[in-house]
Amino acid sequence: MRKKFIAGNWKMFTDLATAKKLTQEIVTLMAGNNKVDVAICPPFTYIQAVGEIVKGSNISLGAQNCFHEKEGAFTGEISPNMLADLGCKYVILGHSERRHKMGECDVTINKKVHAALASGLKVILCLGETLDERQANKTNDILKNQLDGSLAGVNKDNLDSLVLAYEPVWAIGTGHNATPQQAQDTHAFIRSWVSKHHGAETASKLIIQYGGSVKPDNAASLLHQADVDGGLIGGASLKADQFLGIIRAGM
Ligand code: 13P
């Protein structure tokens with residue numbers, strides 16, 4: 001039985017005061033509740049402050065991106081080791097906003113995946129098709145390419161440190177979530193890819209989150225699908241009561 005895993009991706013939102021307040025609210029509301037694994041991923045600049053508040057709680061800390069080198073003359077970049085040093089357990093890689101707005105390709109993402117795993121971080125790797133691709137019945141081809149490319153050279157031993165997040169681009173921030181059936185079908189396809197490449201046992205343990213317009217009122221129907229093991233939450237993770245509403249739906 002896979003334990004549900006809900007992560008909040010705060011994207012480029014909050015300021016220091018809001019980040020601290022939101023974190024404190026989530027920690028308080030989650031006290032004593034270990035039925036679901038929970039992580040929050042603030043902007044880089046607030047990771048340290050948020051990390052101090054979540055220390056000793058059941059909330060894990062994550063980042064939204066990293067560079068693929070350990071250190072060096074890479075102005076403006078952040079290494080996986082720096083994130084681990086601040087107490088991050090997770091890093092989100094290959095988010096659709098990085099693929100489509102910052103031009104990241106699977107080759108770049110693959111380098112980051114290897115670097116993050118080597119530094120001991122767990123990777124939340126995002127995958128997803130655009131609306132045009134779904135309408136052209138290309139969803140599975142696109143996901144296969146993203147999996148082949150982003151996970152090239154990642155071996156079975158590393159899959160314990162991997163979480164996949166299916167985030168259809170057309171569902172992110174739009175209010176149009178995938179239907180529970182669409183999510184289930186796509187997650188089952190993703191799990192079959194993992195099974196084919198890394199074996200059925202590994203695939204059966206892998207956490208696959210759904211992301212894209214998850215709200216407290218649609219969370220239960222998505223999270224109760226057999227292959228949906230959690231959620232990667234954008235907008236609704238910025239309000240403690242909404243985030244907790246989604247977490248409760250996963251119990
Ligand atoms: P929304 O929940 O705002 O649609 O964002 C989803 C997302 O991109 C999480 O990474």
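The values are calculated or read from the model by the stated rules, or taken from the named source; none is laboratory data. All values reported here derive from a predicted model rather than from experimental measurement. Cβ sites come from the backbone with ideal geometry, for glycine too, and all protein chains shown count toward neighbours. Only protein heavy atoms, including side chains, enter the accessible area calculation; ligands, DNA and RNA are left aside. Shrake-Rupley method; radii C 1.70, N 1.55, O 1.52, S 1.80 Å.
Listing for the model above:
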item: Two-site FRET efficiency, ALA136 against ALA73, from Cβ-Cβ distance with R₀ of 45 Å, rounded to 0.05; result: 0.60
item: Carbon and sulfur %, accessible surface of the range 59-118 computed with the full protein complex present, 1.4 Å; result: 51
item: Alpha-carbon centroids, the range 159-206 and the range 64-142: separation in whole Å; result: 16
item: Too-long pairs where the Cα-Cα distance tops 22 Å, listed order kept, from LYS205/LYS239; LYS20/LYS89; LYS35/LYS239; result: LYS205/LYS239
item: Calculated FRET efficiency for the pair ASN155/SER195, C-beta based, R₀ 22 Å, to 0.05; result: 0.90
item: Per-residue [θ]222 nm for the chain (sum of -39500 (n - 2.57) over DSSP H runs n ≥ 4, rounded to 500); result: -12500 deg cm²/dmol
item: The range 86-163 shape via C-alpha gyration tensor axes, a/c threshold 1.5; result: prolate
item: Charge context of ILE124, other residues only, Cβ under 13 angstrom, K/R +1, D/E -1; result: +1
item: Accessible area in the full protein assembly, largest first, 1.4 Å probe, for HIS198, HIS114, HIS187; result: HIS114, HIS198, HIS187
item: Listed residue (GLY175, VAL163, SER192) projecting farthest to the positive dipole end of the range 144-203, Cβ model; result: SER192
item: Relative contact order of the range 19-124, defined on C-alpha pairs under 8 angstrom at six or more residues apart (%); result: 24
item: Cα coordinate range in the range 6-85, projected on the principal axes (Å, largest first); result: 43, 25, 19
item: Radius, Kirkwood style, for the range 38-117 when every pair of distinct Cα atoms is counted (Å); result: 13.1
item: Residue among LYS35, LYS112, LYS215 with the largest mean-square fluctuation in a Gaussian network model of the chain, springs linking Cα atoms under 10 Å; result: LYS35
item: Rounded percent of accessible protein surface that carbon and sulfur make up, the range 127-211, 1.4 Å probe; result: 48
item: Cα gyration tensor category, rounded, prolate or oblate, for the chain with a/c compared to 1.5; result: rounded
item: Mean separation of Cα contacts under 8 Å (6+ apart) over length of the range 97-251, as relative contact order %; result: 20
item: Residue of CYS66, CYS105, CYS88 that the Gaussian network model of the chain assigns the largest fluctuation, springs spanning Cα pairs under 10 Å; result: CYS105
item: Projected label distance in nm at THR18 and LYS55, using a 7 Å step from Cα toward the beta-carbon; result: 2.6
item: Shape call, the range 173-250: gyration tensor on alpha carbons, a/c limit 1.5; result: prolate
item: Per residue accessible area in Å² of the range 161-251, where ligands, DNA and RNA are left out and the probe is 1.4 Å; result: 36
item: Probe 1.4 Å, accessible area per residue of the range 64-134, Å²; result: 48
